[in-house]
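The structure appears right after this line, and notes come after that.
The values are calculated or read from the model by the stated rules, or taken from the named source; none is laboratory data. A quick note: this is a predicted structure, and the numbers were derived from the prediction, not measured. Backbone-built Cβ (ideal geometry, glycine too); neighbour counts: all protein chains shown.
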Ligand code: AMP
């Protein structure tokens, strides 16, 4: 099994420490922390790369989900993936942006969890990913869980814990 470490403490010990002292953090429902689908910048499988680059640049996000018209999650698209796909031998082939479709180049390996996943499972995955995609049992996209949101909540709980110990 892969062991994730946070400095000197492994993630199991880290979670145990948190639950031991506060109990609250590990009981949080991820629905409370995630950004719901309607507020997530995304593209559709059939969009061309020009559109995807526009959404990525305008939103300022590193990577965004790729959905189909039924809101099923198919992959992630990012600016580096797009740039790499239009890199010719001697020049960047910008004309390809209009021709290629998102589904041809997207990354199909998506860090994802079900809406029922525990915060502990999410914490483990967020060590290696800036955000997780959240979907229903049937695979419908519900939103994303960014690492920053989870850390913000953890920070609040740790501060609360410190105050109550004083
Ligand atoms: P943050 O922790 O807010 O910096 O977000 C980390 C990453 O999550 C961003 O770089 C994006 O790839 C993704 N992300 C965060 N919020 C959104 C959003 N509203 N729509 C799409 N992607 C997002």
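Quick test for you: out of 124, 112, pick the one residue that is at pLDDT 95 or above and under 16 Å from residue 26 (Cα atoms). Talk me through it step by step, then tell me what you get.
Working: 112 fails: under 16 Å from residue 26 (Cα atoms).
Testing whether each residue is at pLDDT 95 or above and under 16 Å from residue 26 (Cα atoms) leaves just 124.
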Problem set entry | Residue within segment 76-85 that is farther than 23 Å from residue 150 by Cα, in a loop (DSSP other than H, G, I, E, B) and out of contact with any strand residue (DSSP E or B) (no Cβ under 6 Å at 6 or more places or on another chain) present | no
Exercise. Say we look at segment 55-68 and pick out the residues that are closer than 10 Å to residue 43 by Cα and in contact (Cβ under 8 Å) with a residue 24 or more places away in the chain; which of these is farthest from the ligand (Cβ to nearest atom)?
Worked result: 68
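Which ones in segment 128-152 are over 26 Å from residue 71 (Cβ atoms) and surrounded by 14 or more Cβ atoms within 10 Å (Cβ to Cβ)?
Residues of segment 128-152 over 26 Å from residue 71 (Cβ atoms): 151-152.
Those that are over 26 Å from residue 71 (Cβ atoms) and surrounded by 14 or more Cβ atoms within 10 Å (Cβ to Cβ): none in segment 128-152.
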Problem set entry | Qualifying residue in segment 22-42 (condition: more than 16 Å from the chain's Cα centre (by Cα), modelled with pLDDT under 95 and over 18 Å from residue 150 (Cβ atoms)) | no
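In this structure, is residue 112 surrounded by 12 or more Cβ atoms within 10 Å (Cβ to Cβ), on the phi < 0 side of the Ramachandran plot and more than 14 Å from the ligand (Cβ to nearest atom)? First the steps, then the outcome.
Values: surrounded by 12 or more Cβ atoms within 10 Å (Cβ to Cβ): yes; on the phi < 0 side of the Ramachandran plot: yes; more than 14 Å from the ligand (Cβ to nearest atom): no.
Here the answer is no, as residue 112 does not meet what is asked.
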Exercise. Which of (1) loosely packed, with under 14 Cβ neighbours inside 10 Å; (2) away from the ligand (no atom under 16 Å from the Cβ) is the odd one out, the single condition residue 25 does not satisfy?
Worked result: (1)
